[in-house]
Structure formats: C-alpha cells, structure tokens
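Input: a single structure, listed below in structure tokens.
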Amino acid sequence: MSDSTQKLRLGALIALVVGSMVGGGIFSLPQNIAASASAGATLIGWLITGVGMLTLAFVFQTLANRKPELDGGVYAYAKAGFGDYMGFSSAWGYWISAWIGNVSYMVLLFSTLGYFFPVFGEGNTLPAVIGASVLLWLLHFLVLRGIKEAAFINTVTTIAKMLPLALFIVIAAIAFKMDVFTADFWGRGNTELGSVMDQVRNMMLVTVWVFIGIEGASIFSARAEKRSDVGKATVIGFVGVLLLLVLVNILSQGIMAQAELAGLKNPSMAGVLEQVVGPWGAQLISIGLVVSLAGALLSWTLLCAEILFASARDHTMPEFLRKENVNHVPANALWLSNGLIQLFLIITLFSASTYLSLLYLATSMILVPYFWSSAYAVLLAVRGETYEHDTGERNKDLLIAAISTLYAVWLVYAAGVQYLLLSALLYAPGAILFAKAKRELGQPIFTGVEKIIFVAVLIGAAIAAYGLYDGFLSL
C-alpha cells in the first residue's frame, strides 16, 4: 500500500494492540483463573506471565526497529531466521489461532446475550449460530470497505469498552476484603486444584489468551505511518492491558472465594459486580462485553486477513491470497478466513464447543509463532547482526530474548499433550498451501530438515485424529 492516506498512526496501532487483547477474555477472567488456581498461585502465575509477556513485547519492539524490512511480524521473523517452512507454519498457526479466536468470541458474545435472551443459551444453540453468522458477514463487508475505516471504528470501540472496566475496578477496589483474598491462600482446602505448581501451570493458557494480540501492531507494520510507532504501540498497549488484567483478577478474589468464582457463569465479571451492587452491575458488564467483543471481532477480522496477505506478498503463501480490492483490502484472504469461521460456527452446534475449549485451542496454536519470534531475536543477538557498533544493547537484548524463548517453551509444556496434538492436526493441512506457494516459485517443497519436521507434524496429527475418533481427545 503506497497510499499515505491509508497509513495507520500511533493511536490507531495502540488501539489495534489493546483492541485485540481486550476482547472477551478479561470479562471471563475471574472464573477462568479461579477454575484452576488459588489466590497465591494466581499471583505467581501473573508474575511469570508479566515477565514473560513483557520480554515478548520487547522482542517485538526490538525486531520492529532492527529489522524494519520484515513486514508481517511473527511469520516474517520465523522465515528470516529458520527457513520457509517455519515461516509458513508461523503464519498458518497465527492465522488459525486468529480465526478460531473469533469463533470463541462469537460463542461468548451470544452466551452473554443469553443473559437477556435465553434462546441464545451458552452461545452454541441454533439461534446463537444464526445470529453469529449474520454478525460475521456484517463485519466482513465492513472490512471490505477499507482497512483505515475499520481501524477507526476499532479505535472508537476500544475507548468505549474501557469505561465499564474502569468502573468495575473502582467499585471492586472499594469492596475488596483482605480476609476473603487470603482465605485458603494456596488452595490446600481444595484438593482438585492440585499443587501450587500444577495450579500455576493450569492457569497459563488463560493468561496467554488474554494477551494474544500483543503482536497486533507488528502484523500491520507495512501499513504504519512511522515504522518506529510499531514498537511503541506494542509496549504501551501491553503495559496498559497488563495493569487492567491483574487488577480485575486480583480484586475479584477479594470479593468472592475461589470456589464461588469458579462456579460463576461467564462473563464472570458480571457475577462479581452483581455480588457487590446488585443486578444492574451484571447488566452493565454484559453491555460492556457486547461492545468489547464487537471491537475485538473487528480487530481480529483485520488481523486474520492481514497475516495471509502479508505472507502471500513475499510468496510464503500462494499468490491468490495477495489480491486486494479497490479499497486496498486483501479480499481473498478475508473470504477464506471468514468462510472457515462460518464453518466452525456450524461445528459448534454438533460438538457443543464452549468458549473455554475454543480459547485453549486458539492459544495453543499461537505458541509456535511466539517461540520462533523469540528464537529469532536470540539468533540476531548471538550473531551480532545489526549490533555491529552496539555491544551493550546486544547483551541486553540477548538476555530479554532468551527469557522470552524460555517462557515460550514453558507455555508449550503448560498447554499439555492434548493441545499439542490438536495443534498438529491443524498444522498438517497447511502443507497443501505451502506446496502450492513453492510450486508457483518453481522451488522444491521441503529441505531435508523440513521433511523431518513435517513427518513429525503428520505423526502428531494422526494420533490426534485417532484420539478424536476414539474419544481420548476432544475439542
């Protein structure tokens, strides 16, 4: 895109980061965390997540500044550092995570509307799927009108969704009771939670989920008015959202006990505020969630199309995904993304997929892109590439990237075998598009090492497929 009128400024980039991260996750956070962890384990988990995600934010900032020629963020870093198939896999995994995330948002949105209209149930009934489908295609045609116009609407909804969250924090801070927060601080009274380490591990996917979108500005780096704004938007957005998330989570644990929070229906913030101020509190949060999800759905609709378009532009994805309409919107990428969202919405009718199960699956898919981005930052620092006259910065960036990489490995462990296998099942079909892109260039499909990696993915996919058939795995 050469048209400067379509470029995104710092405010719009920050709104994309914040709008992508603050979707439905924060409104369900009290229950999602309490289902896995006590107050003490929660504090440890947020400390690990805060440090890990902060280093990841710094990694994206560093790479945006030191490798300005690499547009498209997560997939471009994997490709530059570790080859075409790793680059493709990162783009593919990120894209799948993005549109499955949108499916989960649709389910949560209509589950919330079920508070007012019981016909929508848990968001996976026939009326809910019909309503979600109508919303999906309304967003689709809105985005087709232009990226900048959609980004402006996203900025407005991002500001709007902050108001009920700010009010919740003020009221919850006033109602906070230390004796409630410290009661059974380590969860020893509930043997189902397991050890403190088990609790920390089990809450990890939820904390990662609420931060997905941290890379939003880097995905749109080619559309940024100033390249330096990409890194700024990433760090500013992260710090603001981290503060918001920790306050919502910790303050809730000082209002209701762990078992009470774990038993709440999502969006659980509504139940917490209702406990303090009565029914109007639940209504306020539900309305806030509807606005928030509308903005998040728009952000992720943009991201779904952009990652395919950016990766097709440098031939990582097939050529047909490079097509833009007259408004400079990647139309084919948008149609493919939303077509699969529609398919999964229909699948939720038959599999009864819930918000939480879709959340875990979407989160597990993004772990590979995060890992390769961190590993590429390590590689640059080890080689000294772009650090020829900057030894002090090199050592600092190496330490940050190393911590970020270890955090990514920890997340794969925290996800567990089930979601690792399900991820392989979703990664495997991507080889079809990878092969098509390679043939368009007249190149061999895999290198020797890539063949070994692909065989490992196929084995994992086969085990996952059998597990779904036999019943020892489930969506």
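Points worth noting:
- Span-like helix ranges in the chain, DSSP H, alpha carbon extent 20 angstrom or more, Kyte mean at least 1.0: 39-66, 126-143, 147-175, 228-253, 279-313, 331-351, 355-383, 448-470
- Each Lys or Arg adds one and each Asp or Glu takes one away; over the other residues whose Cβ falls under 14 Å from the Cβ of residue 98, this sums to -2.
- Diagonalising the gyration tensor over the Cα atoms of the range 47-117 and scaling each eigenvalue by 5 before taking the square root yields semi-axes of 32, 18, 10 Å, largest first.
- For residue 445 and residue 167, a Förster radius of 60 Å and the Cβ-Cβ distance give a FRET efficiency of 0.65, rounded to the nearest 0.05.
- Peptide packing for 84-97, 121-134 was compared via the average number of neighbouring C-beta atoms within 10 Å per residue; ordered from the highest value, the list is 84-97, 121-134.
- Overall dimensions of the range 335-475 as given by Cα atoms, namely Rg and Dmax in Å: 18.8, 59
- With a cut-off of 12 Å on the backbone N, the residues of the range 259-282 near the modelled label site 7 Å out from residue 175 along Cα-Cβ are 269-282.
- The range 344-397-the range 111-132 distance, computed between alpha-carbon centres (Å): 33 Å
- Solution diffusion estimate, µm²/s, Stokes-Einstein, the range 255-354, Kirkwood Rh from C-alpha pairs, 10 °C, viscosity 1.306 mPa s: 96 µm²/s
- Förster radius 22 Å - calculated FRET efficiency between residue 197 and residue 472, Cβ distance, rounded to 0.05: 0.35
- Entry note, the chain: the mean residue ellipticity at 222 nm calculated from DSSP H runs of n ≥ 4, each adding -39500 (n - 2.57), is -25500 deg cm²/dmol after division by the residues and rounding to the nearest 500.
- Were the residues from residue 436 through residue 327 laid out at 0.36 nm apart, the gain over their Cα-Cα distance would be 36.5 nm.
- Cβ crowding within 10 Å averaged over residues, with 339-348, 307-316, 361-370, 228-237 ranked highest first: 361-370, 307-316, 228-237, 339-348
- Shape category assigned to the chain from the gyration tensor of Cα positions, a/c cut at 1.5: rounded
- Virtual spin-label span in nm between residue 243 and residue 395, 7 Å along Cα→Cβ: 3.2 nm
- Note on the range 1-90: the alpha carbon radius of gyration divided by the globular reference 2.2 N^0.38 Å gives 1.43.
- Surface share of carbon and sulfur [accessible, 1.4 angstrom probe, percent] for the range 10-415: 69 percent
- Note on residue 186 and residue 134: the model spin-label points, each 7 Å out from Cα along the C-beta direction, lie 5.4 nm apart.
- In this structure the amide hydrogen of residue 224, modeled in the peptide plane, comes within under 5 Å of the amide hydrogens of 8, none closer than 5 places in sequence on its chain.
- Dipole magnitude for the chain: computed about the Cα centre from +1 point charges on Lys and Arg Cβ and -1 point charges on Asp and Glu Cβ, it is near 560 debye.
- Label separation (residue 383 vs residue 452): 2.0 nm, computed from points 7 Å beyond Cα along the C-beta direction.
- Isotropic mean projected area of the C-alpha convex hull, the range 170-311 (nm²): 10.7 nm²
- Estimated at 0.36 nm per residue, the fully extended path between residue 459 and residue 160 surpasses their Cα-Cα distance by 103.0 nm.
- Ellipsoid semi-axes in whole angstrom, largest first, where each is sqrt(5λ) of the Cα gyration tensor of the range 249-293: 18, 11, 9
The values are calculated or read from the model by the stated rules, or taken from the named source; none is laboratory data. Because the structure is predicted, anything quoted here is derived from the model rather than measured. Please note: Cβ atoms are built from the backbone with ideal geometry, for glycine as well, and neighbour counts cover all protein chains shown. Calculation scope for accessible area: heavy atoms of the full protein, side chains included, ligands and nucleic acids excluded. Shrake-Rupley method; radii C 1.70, N 1.55, O 1.52, S 1.80 Å.
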